[in-house]
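Chemist: Provided herewith is a single structure, encoded as structure tokens, for subsequent inquiry.
Bear in mind that the values in this text are calculations on the coordinates, not laboratory data. Being a predicted model, the structure only gives us computed values, none of them experimental. Cβ: placed from backbone, ideal geometry, glycine included. Neighbour counts: every protein chain shown.
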Amino acid sequence: MDIESKFADITRNLRGSAVRDLLKYADRPEVISFGGGMPNPLSFPLNEIKEIIDHILDNYGAKALQYSSTDGVEEFREEVSRRINSRYGFKSTKSDIIALNGSQTGLYMVSKVFLNKGDYVISEAPTYVGAITAFNAQAPVWAPVDLQDDGMNMEMLEESIKKVISQGKIPKFIYVIPTFQNPAGLTWSLDKRKNLLEIASKYDLIIFEDDPYSELRFDGKEIKPIKSLDTEGRVIYMGTFSKVLSPGIRLGFIYANSDINKKINLLKQGVDLCTSTFSQYIAAEYLKRGIIDRQIPKIVQLYRKKRDIMIEALETYMPSDTKFTRPDGGMFLWVTLNEKIDTEKMLKKALEFNVAYVIGSAFYPDGRGRNSMRLNFTFSKDEDIVEGIKRLSRAVREGYGLC
Ligand SMILES: Cc1ncc(COP(=O)(O)O)c(C=O)c1O
């Protein structure tokens, strides 16, 4: 059968993501993988979930195993709304919340709602590899704007918007991960958050704020999400339970204005009918019982230590011209090596030494970042973090021809 000729143009051009390709190496027991974005299994509240499941089956019975409305289960939307209002000063009501089967689905659906082929999307550079994959299914044109230590380069952002406008187009949205960014681990300052809103308002643009990590703050003062400053309903806020409960329950949510929500809802009817009813009851109960407030400090303590171990190992073992970010939270740090090094070429060597990472260029829609890499510090055991960085430094030194 000639299957190639039957694929849609978009499907024919789809390429596997570097993260996915890497997971098969991460499964080999001898490999220490800093590649995937996995929470540590110790962060899952197993006993509490067991109790909650019993409670749900006893109290809701078949209802918890049934289809539910496309927007989500009432109890879930109510608890999420209550939580984000109290945490971030949002003014949401339960009807502003749409449940998602993981926020990855939200990336796909929001891009589907807004993008025609050839439409412009502005993102940070680097940005989340999964967003690149999801948006690319709509064949947009990327306008990546460099990320600085305190957020996007705002001059570059405005120039980029003007350039798109001069071509008779308007960027459809600006996609950002402003807190403990994936992959860079950086956090936008309050000033830049305000500035982004001003620019978005000036050019009448939508901001898509993806916020999986802000609950995982190890140090420093909290900076509220951009959505909390939004007076014009131009920010689509997206959260997830993957990093504060479990990624396996596949549960995220969107908080956006009603015009946007209506379109997402219509699209979602065709995508998945509804989000897992059972998972929504679990998460609602996790919030209602306040378990989340006991669990997050435990996760933060676990991850802060791992971040410190990784930073110390990088300082001790990597060549002195290595630069890396020192995140105040989240799950990743970003390493920039001597510009002679190509981390894609180096990956083979690293895997021979049984250590894995994600190549930097995977996080740039335009393929930059060749001498950089993303390291996850949350998944590996403490002793494996040190050993993994030792192995990585050997691979880097071989890359230099130093050993
Ligand atoms: C920035 C960002 N957005 C979205 C996701 C998708 O998460 P999930 O679908 O598990 O909610 C991730 C996962 O790592 C992420 O880092």
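Chemist: Quote the FRET efficiency, to the nearest 0.05, computed for Ser86 versus Gln301 with a Förster distance R0 of 25 Å and r equal to the Cβ-Cβ distance.
Modeler: The computed FRET efficiency comes out at 0.65.
Chemist: Name the shape class, rounded, prolate or oblate, that the alpha-carbon gyration tensor gives for region 358-403, where a ≥ b ≥ c are the square roots of its eigenvalues, rounded holds for a/c under 1.5, and otherwise prolate holds if a/b is larger than b/c and oblate otherwise. Walk me through the intermediate numbers first.
Modeler: Working: a/c = 5.36, a/b = 1.23, b/c = 4.35.
Judged from the Cα gyration tensor, region 358-403 comes out oblate (a/c at least 1.5, b/c at or above a/b).
Chemist: Grab the alpha carbons of region 171-261, take their convex hull, and tell me the volume per residue in Å³. Walk me through the numbers on the way to the answer.
Modeler: Numbers: hull volume 9.9 nm³, N = 91.
Hull volume normalised by residue count: 109 Å³.
Chemist: Between Lys202 and Lys224, how high is the FRET efficiency from 1/(1 + (r/R0)^6) when r is the Cβ-Cβ distance and R₀ = 30 Å? Nearest 0.05.
Modeler: Working: r = 22 Å, r/R0 = 0.72.
The formula returns an efficiency of 0.90 here.
Chemist: Right, next: May I ask you to list the aspartates and glutamates whose Cα is less than 18 Å away from that of Lys112, ignoring any residue fewer than eight positions away on the same chain?
Modeler: Excluding near neighbours in sequence, the set is Asp9, Asp71, Glu209, Asp210, Asp259, Asp272.
Chemist: Another question, if that's okay. Farthest toward the dipole's positive end in region 119-209, which of Gly151, Thr127, Ser166, given Cβ charges of +1 (Lys, Arg) and -1 (Asp, Glu) about the Cα centre?
Modeler: It is Ser166, whose Cα lies furthest towards the positive end.
Chemist: Within 10 Å of each candidate Cβ there may be at most 16 other Cβ atoms; applying that plus a DSSP loop requirement, which GluC sites (Glu not before Pro) in region 303-403 survive? Walk me through the numbers before you get to the answer.
Modeler: Details: sites: Glu312, Glu315, Glu339, Glu344, Glu352, Glu383, Glu387, Glu398; in loops: Glu339.
Passing both the DSSP loop test and the Cβ count: Glu339.
Chemist: 7 Å from Cα along Cα→Cβ at both Asn257 and Gln148: what's the point-to-point distance in nm?
Modeler: 2.9
Chemist: For Lys63, which lysines qualify as cross-link partners when the Cα separation must be under 20 Å and same-chain residues fewer than eight apart are set aside?
Modeler: Of all the lysines, those that pass the test against Lys63 - Cα under 20 Å, at least 8 places apart if same chain - are Lys50, Lys94, Lys288.
Chemist: Based on the alpha-carbon gyration tensor of region 275-403, what equivalent-ellipsoid semi-axes (square roots of 5 times the eigenvalues) come out, in whole Å, largest first? Don't skip to the answer; put the middle values down first.
Modeler: Details: eigenvalues 227, 60, 31 Å².
Gyration-tensor ellipsoid for region 275-403: 34, 17, 12 Å.
Chemist: How long is the gain from Glu339 to Leu190 if the chain were fully straight, where each residue apart is worth 0.36 nm and the alpha carbon distance is subtracted?
Modeler: Numbers: separation 149, 0.36 × 149 = 53.64 nm, distance 3.18 nm.
Computed gain between Glu339 and Leu190 is 50.5 nm.
Chemist: Considering only C-alpha atoms, what is the centroid distance from region 321-353 to region 107-129, in Å?
Modeler: Using only Cα atoms, the two centres lie 26 Å from each other.
Chemist: What residues of region 157-195 lie in the reach of a label at Asn116, counting those whose backbone N is under 15 Å from a point 7 Å from the Cα along Cα→Cβ?
Modeler: 168-173
Chemist: On to the next question. What's the ranking of 127-136, 363-372 by average number of surrounding C-beta atoms within 10 Å, highest first? Provide the component values of the computation, followed by the final result.
Modeler: Numbers: 127-136: 22.3, 363-372: 19.0.
In decreasing order of mean packing, 127-136, 363-372 become 127-136, 363-372.
Chemist: If a paramagnetic tag sat 7 Å from the Cα of Arg397 along the Cα-Cβ line, which residues of region 295-317 would have the backbone N under 20 Å from that point?
Modeler: So the set is 310-317.
Chemist: Restricting to bridges with both residues inside the chain, how much of the DSSP beta-bridge set is antiparallel, in percent to the nearest 5? Mind showing how you got there, number by number?
Modeler: Values: 20 of 39 bridges.
That works out to approximately 50 percent antiparallel.
Chemist: Where in the chain are the helices, taken as whole DSSP H runs, whose Cα atoms extend 30 angstrom or more along the long axis and whose Kyte-Doolittle mean reaches at least -1.0?
Modeler: Values: long enough: 291-317 (39 Å, -0.32).
Counting only whole DSSP H runs, the qualifying helices are 291-317.
Chemist: Sorted by average packing, counted as other Cβ atoms within 10 angstrom per residue and highest first, what order do 75-85, 53-63 take?
Modeler: Working: 75-85: 20.7, 53-63: 12.5.
By packing density, highest mean first, the sequence is 75-85, 53-63.
Chemist: Suppose the chain between Asp9 and Gln66 were pulled fully straight at 0.36 nm per residue; how much longer would it get relative to their current alpha carbon spacing?
Modeler: Details: separation 57, 0.36 × 57 = 20.52 nm, distance 3.68 nm.
Once the chain is fully extended between Asp9 and Gln66, it gains 16.8 nm.
Chemist: Follow-up question, since we're still on this one. Using only DSSP helix segments of four residues or longer, with each worth -39500 (n - 2.57), what per-residue ellipticity at 222 nm results for the chain after dividing by its residue count and rounding to 500? Could you put the intermediate results ahead of the total?
Modeler: Working: 13 runs with 170 residues, N = 403.
After summing the helix terms and dividing by the residues of the chain, the value is -13500 deg cm²/dmol.
Chemist: Sticking with this one: Using 0.36 nm per residue of separation minus the Cα-Cα distance, give me the extension gain between Asn354 and Lys288 in nm, one decimal.
Modeler: Details: separation 66, 0.36 × 66 = 23.76 nm, distance 4.31 nm.
So the extension gain works out to 19.4 nm.
Chemist: Would you calculate the volume per residue, in Å³, of the smallest convex hull containing every Cα atom of the chain? Could you put the intermediate results ahead of the total?
Modeler: Numbers: hull volume 65.0 nm³, N = 403.
Per residue, the Cα convex hull of the chain comes to 161 Å³.
Chemist: Which of the lysines could a cross-linker bridge to Lys348, judged by Cα under 28 Å and excluding same-chain residues fewer than eight apart?
Modeler: Lys24, Lys306, Lys323, Lys340, Lys381, Lys390
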